[in-house]
1. Taking the condition of being out of contact with any strand residue (DSSP E or B) (no Cβ under 6 Å at 6 or more places or on another chain), farther than 23 Å from Ser311 by Cα and open to solvent by 20 Å² or more (accessible area, probe 1.4 Å), how many residues in segment 391-433 meet it?
2. Just to be sure I understand, how many residues within segment 249-268 are in contact (Cβ under 8 Å) with a residue 24 or more places away in the chain and either charged (D, E, K, R) or on the phi > 0 side of the Ramachandran plot (or both)?
3. Only residues that are modelled with pLDDT under 55 and open to solvent by 90 Å² or more (accessible area, probe 1.4 Å): list them for segment 62-89, please.
4. Within segment 309-321, track down each residue that is under 11 Å from Val257 (Cβ atoms) and either open to solvent by 20 Å² or more (accessible area, probe 1.4 Å) or more than 20 Å from the chain's Cα centre (by Cα) (or both).
5. Might you let me know whether segment 200-222 holds any residue that is open to solvent by less than 20 Å² (accessible area, probe 1.4 Å), over 17 Å from Gly141 (Cα atoms), over 29 Å from the mean Cα position of the chain (by Cα) and without any contact (Cβ under 8 Å) to a residue 40 or more places away in the chain?
6. Scan segment 225-242 for residues that are in contact with a strand residue (DSSP E or B) (Cβ under 7 Å, 6 or more places away or on another chain) and either more than 16 Å from Cys190 (Cα to Cα) or surrounded by fewer than 18 Cβ atoms within 10 Å (Cβ to Cβ) (or both) and report the count.
7. Which strands (runs of 3 or more DSSP E) does segment 299-407 wholly contain that include 3 or more residues that are modelled with pLDDT of 90 or more and farther than 29 Å from Ile444 by Cα?
8. Which one is farthest from Leu465 (Cα to Cα) among residues in segment 169-190 that are open to solvent by 30 Å² or more (accessible area, probe 1.4 Å) and assigned to a strand (DSSP E or B)?
Amino acid sequence: MNFVDEVADVVSVESEWRKSQGARSDSKSCQTRPLCSVDSCVQVRGASEAGTQTECRQEQRALDLHLAPLLDYPDVGKFLKRVEDDMIRELKRSWSSRAFHGFHVTREEQIPQVSCLHSLQYPDAVAENLQVSSVTWNATGSVIACSYGRLGDGDWSTEKSHVCTWNLDRRGFDPNHPDVVLDVPSSVMCLAFHPSRPSLIAGGLFNGEVLVWDTSRTDDPLIGRTGLSIDSHMDAVYQVRWLQEVPQPQRLQVLSVSSDGKILVWQMEKDGRLALQNGFALVAQQMPSNSKISKHGRADTAVGVTCLSPSHFDPSIFVVGVEGGYLLKCSSAVQTAALTNMASSIPLKAPAQFTFSPHGGPVYSVDCSPFHRNLFLSAGTDGRAHLYSMLQETPLTSPQLSQKYLFSIRWSPVRPLVFAAASGEGDVLLFDFGKSSQKPSLSIKQTSNEKPVHCLEFNRAQTQLLASGDGTGAVKIWQLSTDFTEQGAREMDVLDELATD
């Protein structure tokens, strides 16, 4: 048997099923509308979130506004129709009334009362039974400085004292730990921060010296002093003030007053020396003709100066208070030489021009109004606050504010009719001429043991703050209510009326 290769023809059978499926299928297509896209962005500087939630009351039902037309209150409608004419007539009458003319409405939240924000103490000074003799705010209004001394007894000339400062805005502020403590070899009677340079403080001492400190210098803050010379004061310095109205504003000038009768102007030199630039002396024999100050005795009898306040409207005019209880209007533009034998490197001048009727004892404080050129306040040992006009001898009003002494008095820097006073009973008194001309609007008890309040100062940068220092060695920082910090609509008119009474 033989095997050979053989190729047979291909036989194919067509599928009837595939043909039937192909006959039943077709192709379709569709297209959507063109899609449009837009890119945008927004940016804000900051974001905040707030939320609130109230408890749900099950019995609370909301008014369906769609039912409002169906609601009917026939009694209310009849009432409104009956009183309509009367209401319209009264509204027209009220519109034309002047009963509330000048009434000022404030939208700010009212502070209900005066509150004590801080009670500051230097424990070492309290342990030595020293008293606060002076307080002063710096230019920013955030730093308070106080001086310590012994104002009641003891040998002041040998008593050491301190000057302390606190920054109320500093983180970690401690009311019993001052930021700066300056040790001084004599009692400090008065202090004054520079009006525009926040770290400069001038002080007057019991021994007659005037010192200047720069609290920004940690190594040696003392940058200027008068020393004890023929030009320096021979008695205690009761007040110091910075002068800015000078030919060379960059030169520092300090004014000082003393019970030796001299008013001196010192200029800071580059070597740290305070050199005498100008000077005045009050001599009994050169008092104005209307003065009843005794002119008997020696020809150069000095009149002791206890306080001074310059006019806010005329820098050449200032008012001084003296130990005899008198107030004197003085001028720095005078050229009359003072008839005194007191030693001085420059000629001293006699500034007194007019004498006002006196207090019943020495004057401790005087302050010219920042709102009226002719008005000033004074306080003294008779416990009265005298309101004077520069144009007349007798006071316009003399309310009795204390049965003891009044040690300090200050006009408010923002309310023309408001002033504050410090009393020997330990009270801080706030007085508003718009409410009464005889009684204080508020009396704040600062000390519980009848220790006197010796000094106080308004904060001119943060006008809601008032500082006061007392005989216990404490400085209280009071936050004043809006009643004492917001000026009313007619206050200047009332002040003008006071000045013309």
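1. Qualifying residue count, segment 391-433: 4.
2. 3
3. If the condition is that a residue be modelled with pLDDT under 55 and open to solvent by 90 Å² or more (accessible area, probe 1.4 Å), then Ala62, Leu63, Leu65, His66, Pro69, Leu70 are the ones that fit.
4. Passing the criteria: Phe318, Val320, Gly321.
5. Within segment 200-222, not a single residue is open to solvent by less than 20 Å² (accessible area, probe 1.4 Å), over 17 Å from Gly141 (Cα atoms), over 29 Å from the mean Cα position of the chain (by Cα) and without any contact (Cβ under 8 Å) to a residue 40 or more places away in the chain.
6. The qualifying residues number 2.
7. Output list reads 327-331, 352-356.
8. Asp183
The values are calculated or read from the model by the stated rules, or taken from the named source; none is laboratory data. Small disclaimer: the values here were computed from a predicted structure and weren't measured. All Cβ positions, even for glycine, are placed from backbone atoms using ideal geometry, and neighbour counts span all protein chains on display. Keep in mind that these areas ignore ligands, DNA and RNA; they rest on the heavy atoms of the full protein, side chains included. Shrake-Rupley method; radii C 1.70, N 1.55, O 1.52, S 1.80 Å.
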